[in-house]
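Here the structure is laid out as structure tokens; the discussion comes afterwards.
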Amino acid sequence: MLVRIGLAALAAVVCICGSSRVLTAGPIPAPPLPTDVRADKVPTFKADVMPILTASCVNCHNDKKAKAKVDVSSYDAVMKIVKANDADKSRLVQSATGKGAKIMPPKKGLPGDQVAVLKAWIAAGAKND
């Protein structure tokens, strides 16, 4: 009897929520990173670039733990590895693509859409917003 009541209550919760996701356990997925590069929108450091760096780079390259003496935890630090207006000569892009520098993140680099955001920001002058 108690099993039937328990199952009925569980079914009611699933119906009310409209999803069986209630039954699954696991990490909550992170919000998607900004990767929208449109011709009419220049990426900004704060809204577009920093979230990519925070998700993929800052854990190892910050002011306290600067692996390979690289820190990407702030605009001023990032500008030490960026050549404004020339993405292909910027160490940041070279590392993200593995062209001219050791690929970062290790073994995989950044996805193409995120590299496109970095390149567009740099090509637009790598300004701090």
- Cβ-Cβ cut-off under 12 Å around Phe45, Lys and Arg +1, Asp and Glu -1: the net charge is -1
- Note on the structure: Of every hundred units of 1.4 Å-probe accessible area on the range 67-129, the number belonging to carbon and sulfur atoms, as a percent, is 51 percent
- Any lysines with Cα under 22 Å of the Lys107 Cα? List them, leaving off those in the same chain fewer than 8 positions away. Lys65, Lys67, Lys69, Lys89, Lys99, Lys119
- Give me the number: length gained by fully extending Lys127 to Ala68, i.e. 0.36 nm times residue separation minus the C-alpha to C-alpha distance, one decimal in nm. 18.8 nm
- Considering the zone a paramagnetic label at Ala84 would reach in this model (a point 7 Å from Cα along the Cα-to-Cβ line), which residues of the range 102-129 have amide N under 13 Å from it? 122-129
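The values are calculated or read from the model by the stated rules, or taken from the named source; none is laboratory data. Everything numeric in this text was worked out from a predicted model, so none of it was measured. Positions of Cβ are generated from backbone atoms using ideal geometry, with glycine treated the same way; all protein chains shown enter the neighbour counts. Only protein heavy atoms, including side chains, enter the accessible area calculation; ligands, DNA and RNA are left aside. Shrake-Rupley method; radii C 1.70, N 1.55, O 1.52, S 1.80 Å.
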